[in-house]
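A short write-up of the structure that comes next.
The values are calculated or read from the model by the stated rules, or taken from the named source; none is laboratory data. Given the structure is predicted, the values throughout are model-derived calculations rather than measurements. Don't worry about glycine lacking a Cβ; one is built from the backbone with ideal geometry, like all the others, and counts go over all protein chains shown. Accessible surface areas use protein heavy atoms only, side chains included; no ligands, DNA or RNA. Shrake-Rupley method; radii C 1.70, N 1.55, O 1.52, S 1.80 Å.
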Amino acid sequence: MASQYYQEMQDSFRNNNKSREFAAHSAKVHSVAWSCDGRRLASGSFDKTASVFVLEKDRLVKENNYRGHGDSVDQLCWHPTNPDIFVTASGDKTIRIWDVRTTKCIATVNTKGENINICWSPDGQTIAVGNKDDVVTFIDAKSHRSRAEEQFKFEVNEISWNNDNDMFYLTNGNGCINILSYPELKPIQSINAHPSNCICIKFDPTGKYFATGSADALVSLWNVEELVCVRCFSRLDWPVRTLSFSHDGKMLASASEDHFIDIAEVETGEKLWEVQCESPTFTVAWHPKKPLLAYACDDKDGKYDSNREAGTVKLFGLPNDS
């Protein structure tokens, strides 16, 4: 029996399954993220910039482009409770903190290596950044100074705090999830999550589950309290690059080089919907208040030059008549 939620969301997507794209960058978009209030979407790109859009009804209106990095902006995230501040991680060995009110860079923090991962602690006090040499640096969000630095002996993929802010999770190249105490950074547990490279990790907003995606094309859902795998989602055929839980924690979007984004019901693993794409997907992010999914793919600009990257950001979940 399909759940009531499943029926409601299927009905909703039947009437709201339009995707629309918005020009954002001059090269591919690596990362998209919503501000905590859902008013703005930020995107980071290979073109060394970040863009910020304002969500107006059924469209994204470009507000600003943020320049300053000397290399690709690989990941970005917003302050967990301040909707005006976001941070970008770049291959230029810096992170930059930006304020949308002044459209200026508040701080540039120099780091030791080429940065590929970034996340903000739920309490807003610390930014963690991971680089290509598997070093994770913990930066004080107010003083912009390094608080701690950890060199890992394994390939660090994605990093995240738990929702309670007292543990720090890393996914690694051996298929494991490593859990450290925070702020002590003492190893608590290592879970063999996947037979191959464990790529991404996300916590659900309700704090009940976290999900990991791996190179074996599986998404696994874990109970936070018991650290046991509750179920697996196996509709993708390629390594899972990106994950996002919906605001109510009831849907999980996952994407890869497959030409669709899988939207699953968390509690049953059932497929709720799939979003068709013309190319591999780099990043997905559900809106923090409604069933609207931002995403970016490796699209080419077919109109003029099939080799040129389109650099667009897309929204799924718009009314079919919009």
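Of note:
- Lysine pairs in region 139-273 with Cα atoms under 29 Å, if 8 or more residues apart or on separate chains: 11
- Bridging of LYS48 to lysines at a Cα separation below 16 Å is possible for LYS28, LYS93, LYS104, once same-chain residues fewer than 8 apart are set aside.
- Residue-span extension gain [SER279 to ASN110] - 0.36 nm each, minus C-alpha spacing: 57.4 nm
- Identified option (computed Kirkwood radius over Cα pairs in Å; candidates (i) 25.2; (ii) 22.5; (iii) 19.6): (iii)
- Two-site FRET efficiency, ARG147 against ASN174, from Cβ-Cβ distance with R₀ of 22 Å, rounded to 0.05: 0.20
- Paramagnetic reach from ASP140 (point 7 Å along Cα→Cβ, amide N under 19 Å) across region 176-192: 182-185
- Computed from the C-beta positions of ARG235 and ALA23, the FRET efficiency with R₀ = 30 Å rounds to 0.45.
- Mean residue ellipticity at 222 nm, helices only, the chain: -1000 deg cm²/dmol; runs of at least 4 DSSP H residues each add -39,500 (n - 2.57), and the sum is divided by the number of residues.
- Accessible surface ranking that places the most exposed of ARG59, ARG40, ARG20 first, with a 1.4 angstrom probe: ARG59, ARG20, ARG40
- Carbon/sulfur fraction of accessible area - region 9-146, other protein chains in place, 1.4 Å, %: 43
- Averaging Cα coordinates gives a centre for region 64-86 and one for region 1-33; these two points are 23 Å apart.
- Neighbours of LYS104 by Cβ distance under 12 Å: Lys/Arg scored +1, Asp/Glu scored -1, total +1.
- What a 1.4 Å probe finds exposed on region 210-322 is 46% carbon and sulfur by accessible area, rounded to a whole percent.
- Label-point gap, in nm, between GLN125 and LYS290 - each point 7 angstrom along Cα→Cβ: 3.6
- In terms of its C-alpha gyration tensor, region 176-322 has a prolate overall shape, because the principal axis ratio a/c (a ≥ b ≥ c, square roots of the eigenvalues) is not below 1.5 and a/b outweighs b/c.
- Applying 1/(1 + (r/R0)^6) with R0 = 45 Å to the Cβ-Cβ distance of ASN192 and THR102 gives a FRET efficiency near 0.45.
- Loop GluC sites (Glu not before Pro), region 134-166 (other Cβ atoms within 10 Å of the site Cβ: 16 or fewer; DSSP): GLU155
- Solvent-accessible area per residue in the chain equals 43 Å², computed with a 1.4 angstrom probe and all protein chains kept.
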